[in-house]
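Undergrad: Here it is, the structure, as structure tokens.
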Amino acid sequence: QVQLVESGGGLVQAGDSLRLSCAASGRSFKNYVIGWFRQAPGKEREFVVVISESGGSTYYSDSVKGRFAISRDNAKNTVYLQMNSLRPEDTAVYYCAATNRGPYTDTINYDYWGQGTQVTVSS
């Protein structure tokens, strides 16, 4: 079992950067694929990016490709999401989640979720 806690959200201006962290408890963290999702008010939760167990493979949604970067440090049981060139449309609650099965872009395939961290980008 894995417990996830996100941090690093906040209020920024368009063009600014933020780094989110997803800290996990449990010895099996390194065995899980970790995904980031986001949910804006009145919208469904959407896929942002995913990273493989070792960190060697990543996959980004088109909306963040080239602006966001995911990484993980299995020694620290932490996944990071570096968000650059933020836009107002990036405003959402950001969640990290863990899974052992795909497709990795689908929320239904994730077994463990954090509580989320709010990111607000003003124009």
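The values are calculated or read from the model by the stated rules, or taken from the named source; none is laboratory data. As the structure is a computational prediction, the values presented were derived from the model and not from experiment. Note that each Cβ is placed from the backbone with ideal geometry, even for glycine, and that neighbours are counted across all protein chains shown. Quick note on the areas: whole protein, heavy atoms, side chains included, nothing else; ligands and nucleic acids left out. Shrake-Rupley method; radii C 1.70, N 1.55, O 1.52, S 1.80 Å.
Undergrad: Trypsin sites (Lys or Arg not before Pro), restricted to the stretch 23-123: which are DSSP loop and have at most 13 other Cβ atoms within 10 Å?
TA: Counting only loop positions with at most 13 other Cβ atoms within 10 Å, the trypsin sites (Lys or Arg not before Pro) in the stretch 23-123 are Arg27, Lys43, Lys65, Lys76, Arg101.
Undergrad: Specify the residue with the greatest mean-square fluctuation among Leu81, Leu11, Leu20, computed from a Gaussian network of the chain linking alpha-carbon atoms under 10 Å apart.
TA: Leu11
Undergrad: State the three equivalent ellipsoid semi-axes of the stretch 32-74, derived from the C-alpha gyration tensor as the square roots of 5 times its eigenvalues, in descending order and whole Å.
TA: 21, 12, 7
Undergrad: Next question, about the same structure. Once you've got the GNM for the chain with C-alpha springs shorter than 10 Å, pick whichever of Ala24, Ala40, Ala98 has the biggest mean-square fluctuation.
TA: So, out of Ala24, Ala40, Ala98, the one fluctuating most is Ala40.
Undergrad: May I pose another question? Using a probe radius of 1.4 Å on heavy atoms only, what accessible surface per residue do you get for the chain? Whole Å² is fine.
TA: Ligands and nucleic acids excluded, the result is 51 Å² per residue.
Undergrad: From the phi angles alone, apply the Karplus equation (6.51, -1.76, 1.60; θ = phi - 60°) to the stretch 65-81 and give each ³J(HN,Hα) in whole Hz, x where the residue is Gly or Pro.
TA: Karplus values, whole Hz, x for Gly and Pro: 4, x, 10, 9, 9, 9, 8, 9, 10, 5, 5, 9, 6, 9, 10, 10, 10.
Undergrad: Mind checking Rg over Rh on the chain, alpha carbons, Kirkwood formula for Rh?
TA: Here the Rg-to-Rh quotient is 0.94.
Undergrad: Counting only protein heavy atoms and a 1.4 Å probe, tell me what percentage of the chain's accessible area is made up of carbon and sulfur.
TA: Answer for the chain is 45 percent, counting heavy atoms of protein chains only.
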